[in-house]
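To start, the structure itself, in structure tokens.
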Amino acid sequence: MSGGFRKIIRKKPFLAIAVSSLCAVVFGCAMPEVTFYGVTYPSKPLDAQIDVYQTALPQREYVEIAMISCGDTDDNWNMKQILEQAREIGADAIIIRGRVGTYGVGVPVGTQMVYGVSEGYGITAVAIRYK
């Protein structure tokens, strides 16, 4: 995300939402959603390294700063968007938590209950800062 767009987001959030929505409609790409857990941090440079954890947690102490989700069907697009957002919110790393659209359902069939789980699309990650 360019520095100019960052200023627009901070000063005119409605305009940023409109631009993001237009991108999603025109290009068919899902835009990331960020849920902050409290403290905010300054943005990192566009080329800053963001560590990615999926099967193991970081060995260093850290604090969780936000949840980032992107619900597109293209995982490469999702990761790119999540990493850009991680830089924007000042994260040092992300921990992949799973799919955006993962859900389970139970359906009664006769006297039995049948359960199913659907592996959805998109990616959800927790943005962290090292202590």
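Counting only helices (runs of 4 or more DSSP H) that fall entirely inside the stretch 1-110 and contain at least 3 residues that are modelled with pLDDT of 90 or more, the qualifying elements are 75-88. Within the stretch 50-75, residues that are assigned by TED's automatic domain parsing to the domain that holds ILE96 sit with their Cβ atoms under 6 Å from residues that are of a type in the set (Lys, Arg) and part of a strand (DSSP E or B), at 6+ positions apart or across chains, in these pairs: VAL63/ARG129; ILE65/ARG129. Cβ separations smaller than 6 Å between residues 6+ apart or across chains give the following pairs from the stretch 28-43 residues that are within 21 Å of TRP77 (Cβ to Cβ) to residues that are surrounded by 10 or more Cβ atoms within 10 Å (Cβ to Cβ) and modelled with pLDDT under 90: CYS29/ASP72; ALA30/GLY71; ALA30/ASP72; MET31/SER20; MET31/ALA24.
The values are calculated or read from the model by the stated rules, or taken from the named source; none is laboratory data. Quick caveat, the model's predicted, so the values are computed rather than measured. Cβ sites come from the backbone with ideal geometry, for glycine too, and all protein chains shown count toward neighbours.
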